[in-house]
Amino acid sequence: MKTFTQKLSVAMLLCASLSGVTTMSYAEATNPNAPVSMVTAWDKTFPESDKVDHRKVSFQNRYGITLVGDLYLPKNHADRKLAAIVVSGPFGAVK
């Protein structure tokens, strides 16, 4: 029984150490400094409206991070001033 307990302990320790390795390799796989690509294809869960123009916009915040958002305008806006809604995230980030 003592041998079984020792083997089980070694196996559990090995599994625990391997799970840490796979987690670390996944964490290092993402690159936060990778360039942002703005797709032109419709990528929303709601249907695209023929009454609204949509385009991607981007800007850099004060920390140098590029933020990308969606701009929706009525088709008949004709360069007039319109009200805007801006959704802000945590820590002053603007979406």
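Before moving on, here are some points about what is shown:
- When LEU73, LEU67, LEU82 are sorted by how many other C-beta atoms sit within 10 angstrom of their C-beta, beginning with the fewest, the order is LEU82, LEU73, LEU67.
- Spin-label model distance (nm) - LYS81 vs ASN33, 7 Å beyond Cα toward Cβ: 4.2
Throughout, read-outs are computed from the coordinates displayed, never taken from laboratory work. These figures come from a predicted structure and were not determined experimentally. With ideal geometry, Cβ positions are generated from the backbone for all residues, glycine too; neighbour counts draw on all protein chains shown.
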